[in-house]
There are 2 protein chains.
Amino acid sequence: MSDKPQTPTPLPAPATDPSAQTPRSLARAETERLILKAAEDVFAEYGFKGATTGKIADRAGIPKANLHYYFSTKEALYRQVVENIFQIWLDAANTFDDCDNPEEALTRYISAKMDISRQHPMGSKVWANEILHKAPVIQDYLETTLGEWTDTRIAVIERWIAEGRMAPIDPRSLLYMIWATTQHYADFNHQIHTLNNGEPLSDAQFERAKETVVAIILAGVGIRPAGLETKQNGGRA
Amino acid sequence: MSDKPQTPTPLPAPATDPSAQTPRSLARAETERLILKAAEDVFAEYGFKGATTGKIADRAGIPKANLHYYFSTKEALYRQVVENIFQIWLDAANTFDDCDNPEEALTRYISAKMDISRQHPMGSKVWANEILHKAPVIQDYLETTLGEWTDTRIAVIERWIAEGRMAPIDPRSLLYMIWATTQHYADFNHQIHTLNNGEPLSDAQFERAKETVVAIILAGVGIRPAGLETKQNGGRA
DNA sequence: ATGAAACCTGACCAAACGGTCAGGAAGACG
DNA sequence: CGTCTTCCTGACCGTTTGGTCAGGTTTCAT
């Protein structure tokens, strides 16, 4: 590996107050977190090539050489950023599995993905950039983890359709539609921002967008065809 | 200006056969087209920074210095590529206006945008890249042309809603959903390709996706097409 | 034919970038 | 205190890249 100068795992004390004394291992973790945050922002805004280690170091408030002390190469840093994002998405994806009710499962999944776009737009942008450029770093994730996740979810949707609980739409296209729409609010937030009179979406505007997306998709797949706003939430399983 | 060494507009003859003799002005136009096509591909695959004039020249089959004879700077070439794409989208946007029937207008618009994603995926990717990176080159387009187009279309949708021809959804969110979903098939085609067992979507698969997108959105906004066979509105789960 | 304009190209350059390195500062531990 | 390890940094280097330039070749009107 040699990405980092190895963690010696000293762990001298439980460190009751992380912000005051900052023992060695905590200071290291904190600095890594700082660099990763800066890297996420810069990679999102400029892409892999456009981002420079100098810019990332500046945003993290450290000299470039120090950044290379924590992450030996630009690519190692980038890969760590992408993996963090993928993990967040995988966690959110589990909201899909928590119940067997199509209405609730879809509502929760779409809401979770919209919330991630709101809270981690930079991560989504890095992912988008990576796919746009043919996934030179994360192709293996696409082929394994994402592929398996997609296949199992498609099976679930197909079962719901067979059981007459959804209209017979193409499940794969539905998933792509959900991904595309929810991530659009992160990846294209600059365009949305511009079209909103130069102001970022307010919380109320974003909630309305989220509700609209949920409403259109649920109605679109034949769930609760009439009720668009009548939030009456049936019993859970 | 000085982007090009100015077109002297000689136009020596009507040039009845463009492919044979290639008079001056035609050869120039042809070379420019070749460069622009190569540039679109390379910019789409590598982003603005990742693309190099050397790579573009290679793909166009000309020396780098010759490329700079036609386009003085990388940025001028990039801007030309982006403007071409925007024009294609604007043309497609007109399909929205050709009729006052929400079902037909939406169907035609979505279909047109899906077809563009199929036929000009590289252009869509360049646009996506530009928005991801905060539109450093085309911010003015967003603020003027795109903003005006969006506002007028929103007014049309609001009228349809007021006339009871559509469910009362948020028109802006609907437009974003259409953009996101249709462009997803271009911008994320590498991911789609990977999730399709490494094969690009066949024409049949793509047609099915297009129909699914149209069906979900039409049903989602409360328009009952003659299409979808099952699930007429009315049944509450 | 002939000269001018347009077109083409190998060789080159300055700037920017990723990454290295030698050496200094700061904490840990006896 | 001394010394060992970790952490930090200015200065530097080889490569890549956008763009230039001098000079050659082709086209075309006269």
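The values are calculated or read from the model by the stated rules, or taken from the named source; none is laboratory data. Treat the numbers as computed from the prediction; the structure is a model and nothing was measured. Note that we place each Cβ from the backbone using ideal geometry, even for glycine, and neighbour counts take in every protein chain shown. When the accessible area is computed, the model is the full protein with side chains, heavy atoms only, and any ligands, DNA or RNA have been set aside. Shrake-Rupley method; radii C 1.70, N 1.55, O 1.52, S 1.80 Å.
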Quiz item: Out of all the residues in the range B:178-188, is one or more assigned to a loop (DSSP other than H, G, I, E, B) and open to solvent by 60 Å² or more (accessible area, probe 1.4 Å)?
Solution: no
Quiz item: Taking A:E158 and the conditions (1) touching a Phe, Trp or Tyr at 6+ places or on another chain (Cβ under 9 Å); (2) open to solvent by 20 Å² or more (accessible area, probe 1.4 Å); (3) not basic (K, R), which numbered condition does it fall short on, given that it satisfies the others?
Solution: (1)
Quiz item: Conditions: (1) more than 7 Å from every other protein chain (Cβ to nearest Cβ); (2) open to solvent by 70 Å² or more (accessible area, probe 1.4 Å); (3) modelled with pLDDT of 95 or more. B:R208 meets all but one. Number of the miss?
Solution: (1)
Self-check item: Unmet requirement for A:E104, which otherwise passes all of (1) part of a helix (DSSP H, G or I); (2) charged (D, E, K, R); (3) open to solvent by 70 Å² or more (accessible area, probe 1.4 Å); (4) away from DNA strand C (no atom under 13 Å from the Cβ)
Solution: (3)
Quiz item: When you look at A:T144, is it among the polar types (S, T, N, Q), touching a Ser or Thr at 6+ places or on another chain (Cβ under 9 Å) and within 11 Å of chain B (Cβ to nearest Cβ), yes or no?
Solution: no
Exercise. Would you check if A:I169 is part of a helix (DSSP H, G or I) and of a type in the set (A, V, I, L, M)?
Key: no
Quiz item: If you take the residues of the range A:44-55 that are open to solvent by less than 30 Å² (accessible area, probe 1.4 Å) and within 12 Å of DNA strand D (Cβ to nearest atom), which of them is farthest from A:S124 (Cα to Cα)?
Solution: A:G54
Practice problem: Residues being within 14 Å of another protein chain (Cβ to nearest Cβ) and away from DNA strand D (no atom under 11 Å from the Cβ): count how many of those fall in the range B:25-43. | Solution: 2
Quiz prompt | Search result, residues across the range B:1-24 that are open to solvent by 40 Å² or more (accessible area, probe 1.4 Å) and modelled with pLDDT of 50 or more | solution = B:T22, B:R24
Quiz item: Hey, among the residues in the range A:56-96 that are within 14 Å of another protein chain (Cβ to nearest Cβ) and within 13 Å of DNA strand C (Cβ to nearest atom), which one's most open to solvent (accessible area, probe 1.4 Å)?
Solution: A:E75
Quiz item: Applying the selection to the range A:110-136, what residues are open to solvent by 10 Å² or more (accessible area, probe 1.4 Å) and within 13 Å of the chain's Cα centre (by Cα)?
Solution: A:S111, A:A112, A:K113, A:D115, A:I116, A:R118, A:Q119, A:H120, A:P121, A:M122
Quiz item: What is the one condition in (1) more than 7 Å from chain A (Cβ to nearest Cβ); (2) assigned to a helix (DSSP H, G or I) that B:V137 does not satisfy?
Solution: (2)
Quiz item: Given the conditions (1) in contact (Cβ under 8 Å) with a residue 40 or more places away in the chain; (2) within 10 Å of chain A (Cβ to nearest Cβ); (3) not polar (S, T, N, Q), and given that B:I192 satisfies all but one, which numbered condition is not satisfied?
Solution: (1)
